[in-house]
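> Got a structure here, written out as structure tokens. Questions coming.
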Amino acid sequence: MNWSAVLTIYRAEMLRFFRTFVQSFISPVISTSLYFVVFGAAIGSRIQQVEGVSYAAFIVPGLIMLSVMTQSISNASFGIYFPKFTGTIYELLSAPVNFLEIVLGYVGAAATKALFIGLVILATASFFIELQIAHPMAMLAFLLLTCLSFALFGFIIGIWAGNFEQLQLIPLLVLTPLIFLGGAFYSITMLPAVWQTVSLFNPVVYLISGFRWSFYGAADVPIGVSLLAIAGFTGACLLIIGWIFKSGYRLKP
Amino acid sequence: MAIVEIDDLQKTYDGGFQALKGVSLEIGEGEILALLGPNGAGKTTLISVLCGLVSPTAGQARIGGHDSVTDYRKARRLVGLVPQEIALDPFTKVLDAVRFSRGLFGLKRDDAKIEGILKQLSLWDKRDNRTMQLSGGMKRRVLIAKALAHEPRVLFLDEPTAGVDVELRRDMWEIVAKLKADGVTIILTTHYIEEAEAIADRIGVINKGALLLVEDKTALMERMGRKELRISLRAPVTTLPDMLAGYGLVLADEGATLVYSYDTKGEATGITALLADLARAGLKLADLKTTQSSLEDIFVGLTREPPKEDAA
């Protein structure tokens with residue numbers, strides 16, 4: 001293993017994050033606060049408790065997942081797309097590094113940023129509501145796994161994308177609907193039976209449900225299934241990335 | 001000993017374009033090889049395959065004895081690449097960009113070494129500038145600094161002086177000379193024949209994916225060179241006497257100089273007869289000078305398309 005290369009990539013990516021640190025820090029704080037004002041205070045006060053907790057508390061896990069997923073994807077996809085765009089990818093491809101080292105560097109940095117933002121949102125939420133976390137270790141593990149798996153997914157998008165529009169396409173067209181329909185702001189048990197069944201085909205449901213379980217001990221789907229889903233998603237992303245580097249897809253003619 | 005061994009290397013791109021048609025070549029350690037060829041000849045593809053940017057379709061390449069595909073880590077550790085296109089992260093500072101290259105190749109941070117490289121390339125004062133603030137020439141220097149930061153034994157320079165000013169070109173030649181003194185092997189592609197002539201030990205001419213020749217520079221020029229004899233006249237002439245018509249003389253300097261071209265390898269150079277005829281024609285000579293024809297002429301002669309025959 002060329003650990004020096006992994007650290008070098010990781011550090012360079014984090015440096016980019018710190019250059020825009022204020023933005024990276026302020027924007028999740030503001031957007032989370034807005035969600036609480038709108039959903040928590042304005043609408044939430046008219047909603048009864050969901051699964052035994054206040055509506056404002058109920059949406060915290062979904063809110064964190066929403067940001068963590070989009071941030072993981074956008075950071076990782078931009079991280080690897082930008083060298084392709086500027087042409088500096090030549091250096092990565094001609095360096096004595098293998099795909100695992102490149103992935104560890106980029107995905108590790110993207111996941112770190114997303115994790116940081118997730119924690120910032122959690123801290124912000126604690127100002128609005130009294131947070132209870134039933135399984136703190138499981139909560140952290142879920143958060144970390146989500147950051148990693150979605151950063152891997154973002155990495156794939158970044159390699160695939162041929163221009164900036166394509167870079168935005170999947171997050172906008174596929175992911176945002178999946179997250180909003182994945183029970184970020186409601187329990188899928190609130191849906192009619194048909195839509196509950198449809199929701200089970202949405203992978204995000206399992207992630208949000210599992211994450212919410214780690215907070216309140218209640219879930220839409222069994223926790224074991226949630227863990228399997230995230231493991232399966234991570235495995236699939238790793239396989240695709242392995243294939244990308246083996247075949248040189250969109251990297252090497 | 002050969003540090004780069006290329007054996008029947010072939011590359012056919014997805015669209016079916018055959019960029020390399022079986023190139024074989026050995027490059028000795030510490031040698032400077034210039035690859036000449038028109039646009040699209042396969043120069044960049046050859047370099048890209050050796051550096052790992054393009055996968056070969058067939059054939060092998062070894063660098064320092066390590067196969068460039070199966071043993072890529074050891075092979076690439078020896079190699080530095082300065083690409084043809086300027087490719088830099090615009091927001092990164094010069095110093096960070098150069099350190100990045102060193103770390104990527106698995107080397108320990110060495111501030112003194114990086115400082116030395118940046119000073120040699122006149123970049124030290126710009127070390128805290130973002131690369132987007134630099135001029136084109138400066139950006140190219142950064143690319144060179146990045147390639148040198150990981151102490152390569154083989155340096156590929158892909159059109160290093162395309163579009164740079166005279167000063168940078170001279171600097172570049174100096175750097176190349178210094179690297180050669182340190183035993184670094186340098187392979188450069190260029191359009192500027194002058195550049196190959198100035199710094200290369202050997203010259204390879206590549207066209208349409210095939211290596212037309214690789215030869216020692218001086219031997220090549222001796223073998224294929226034509227010479228010019230420039231004859232300065234005491235008094236300028238406006239027209240040539242009829243008896244000199246067969247020599248293909250060209251009038252230059254408003255009639256003050258006669259230029260005669262001849263082949264050094266020809267059976268007879270024709271110089272003796274020409275001088276005798278000049279005396280007979282009553283022309284008085286002030287001076288004589290011979291010049292070797294440049295590599296450019298050789299190059300153009302090798303890569304020129306054979307004249308097409310009319311089908312009609």
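The values are calculated or read from the model by the stated rules, or taken from the named source; none is laboratory data. Please read all numbers here as calculations on a predicted model, not as lab measurements. Cβ placement follows ideal geometry from the backbone for every residue including glycine, while neighbour counts extend to all protein chains displayed.
> Hey, can you tell me all the residues within region A:30-62 that are in a loop (DSSP other than H, G, I, E, B) and β-branched (Val, Ile, Thr)?
Passing the criteria: only A:ILE47.
> Moving to a separate point now. Scan region A:96-118 and give yes if some residue there is within 14 Å of chain B (Cβ to nearest Cβ), assigned to a loop (DSSP other than H, G, I, E, B), crowded, with 23+ Cβ neighbours inside 10 Å and not aromatic (Phe, Trp, Tyr), otherwise no.
Within region A:96-118, one or more residues are within 14 Å of chain B (Cβ to nearest Cβ), assigned to a loop (DSSP other than H, G, I, E, B), crowded, with 23+ Cβ neighbours inside 10 Å and not aromatic (Phe, Trp, Tyr).
> Let me ask you something else. Return yes or no: is A:SER54 surrounded by fewer than 20 Cβ atoms within 10 Å (Cβ to Cβ), over 22 Å from the mean Cα position of the chain (by Cα) and of a type outside the set (Lys, Arg)?
Yes: the conditions hold for A:SER54.
> Out of all the residues in region A:68-75, is one or more of a type outside the set (Lys, Arg) and surrounded by fewer than 20 Cβ atoms within 10 Å (Cβ to Cβ)?
Yes, there is a match, as at least one residue in region A:68-75 is of a type outside the set (Lys, Arg) and surrounded by fewer than 20 Cβ atoms within 10 Å (Cβ to Cβ).
> Moving to a separate point now. What single numbered condition from (1) surrounded by fewer than 20 Cβ atoms within 10 Å (Cβ to Cβ); (2) among the polar types (S, T, N, Q); (3) more than 15 Å from A:PHE150 (Cβ to Cβ); (4) touching a residue at least 40 places away in the same chain (Cβ under 8 Å) fails to hold for A:THR234?
So the condition that A:THR234 fails would be (3).
> Follow-up question, since we're still on this one. Considering each of B:ARG77, B:ARG62 in turn, give the residue that is at the interface with chain A (Cβ under 8 Å from one of its Cβ atoms) and out of contact with any helix residue (DSSP H, G or I) (no Cβ under 6 Å at 6 or more places or on another chain).
From the options B:ARG77, B:ARG62, the qualifying one is B:ARG77.
> Counting just the residues of region B:201-231 that are at pLDDT below 85 and among the basic types (Lys, Arg), which one comes out farthest from B:TYR247 (Cα to Cα)?
Ranking the candidates gives B:ARG223 first.
> Going by the conditions given, is B:SER261 modelled with pLDDT of 90 or more and over 25 Å from the mean Cα position of the chain (by Cα)?
In short, no.
> Does region B:44-76 hold any residues that are in contact (Cβ under 8 Å) with a residue 40 or more places away in the chain and of a type in the set (Lys, Arg), and which are they?
B:ARG62, the sole residue that qualifies.
> Do any helices (runs of 4 or more DSSP H) entirely within region B:58-174 hold 3 or more residues that are within 23 Å of the chain's Cα centre (by Cα) and surrounded by 15 or more Cβ atoms within 10 Å (Cβ to Cβ), and if so, which?
Per the criteria, B:136-148.
> Taking the options A:ILE9, A:ILE89, A:ILE64, name whichever one is at pLDDT 95 or above and either within 12 Å of chain B (Cβ to nearest Cβ) or surrounded by 15 or more Cβ atoms within 10 Å (Cβ to Cβ) (or both).
It is A:ILE9.
> Taking the residues in region A:188-224 that are in contact with a Phe, Trp or Tyr (Cβ under 6 Å, 6 or more places away or on another chain) and modelled with pLDDT of 90 or more as candidates, determine which candidate is nearest to A:ALA134 (Cα to Cα).
Across region A:188-224, the extreme among qualifying residues is A:SER214.
> Going by the conditions given, is B:GLY103 at pLDDT 95 or above, in contact with a helix residue (DSSP H, G or I) (Cβ under 9 Å, 6 or more places away or on another chain) and either within 21 Å of A:TYR90 (Cα to Cα) or within 13 Å of chain A (Cβ to nearest Cβ) (or both)?
Yes.
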